[in-house]
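Since the structure comes first, as structure tokens, the remarks are kept for the end.
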Amino acid sequence: MIRLPLIALALCPVNVAAEALPDVQTCLNIHVGRYEWLLDIHADTPVEYIPGGIWHVEQVLNCGTIGIVRCDLAEDLQQRVACQKDLRADLDDLTASVKRGLTDPAEVTGEGWPERLYSVSHALAHGSSAGPDCANDTEVMQVWCEANQATNRLRNAMLAWEVGRYLDITPDAIEAGWAAPPPPIRPRQRP
């Protein structure tokens, strides 16, 4: 019986204002704040003993998706297209800022798997595209695809940054200037 209301809810249009969703930078600030917190509480724990692991770059994809959804909530098609183009540029600028703070893997000492993961993730962050993934589609789909690909590039750079932070070879995001402290967590209303 519970399925019927859930199905009805899924089929009803939801009116969400773009302002109700956090912007990409705020979302990333929250992610960075949580990651720094994880580093603090697991400072003396070997990475293989951290329950659930420590690297969670899937949140970067969530932040990019929130940005894309905010664009999709624009009133007309041209606003959506312009918003997606701006989002892609902002994500690529942010990716460049993250990559500027990454240490060259040749300077990393150690033979453990976190050091090897850093080397691989650094190479992935600095890789190049195999070609125009978003070509030959409508303008709307092309700008969506380009914003999505920019999110993937940011995720790759953030993985290298997270591993570098764990190894203490990359600067804190706030210190590096590409993130700000996360907004305070609002207390939940009591029933």
_Residue that is nearest to the chain's Cα centre (by Cα), among those in the stretch 144-177 that are over 13 Å from residue 124 (Cβ atoms), polar (S, T, N, Q) and part of a helix (DSSP H, G or I)_ = 151
*Mind checking which residues of the stretch 175-191 are within 17 Å of residue 23 (Cβ to Cβ) and in contact (Cβ under 8 Å) with a residue 12 or more places away in the chain?*
178, 179, 180, 181, 182, 183
*For the stretch 121-146, what are the residues that are loosely packed, with under 14 Cβ neighbours inside 10 Å and either among the aromatic types (Phe, Trp, Tyr) or at positive phi (or both)?*
131, 136
*Counting only residues that are polar (S, T, N, Q) and at pLDDT below 95, give me the helices (runs of 4 or more DSSP H) lying completely in the stretch 1-112 with at least 1 of them.*
24-41, 58-72, 77-100
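The values are calculated or read from the model by the stated rules, or taken from the named source; none is laboratory data. Everything quoted here is computed from the prediction, not taken from an experiment. Cβ coordinates were reconstructed from backbone atoms using ideal geometry, including for glycine residues, and neighbour counts include every protein chain displayed.
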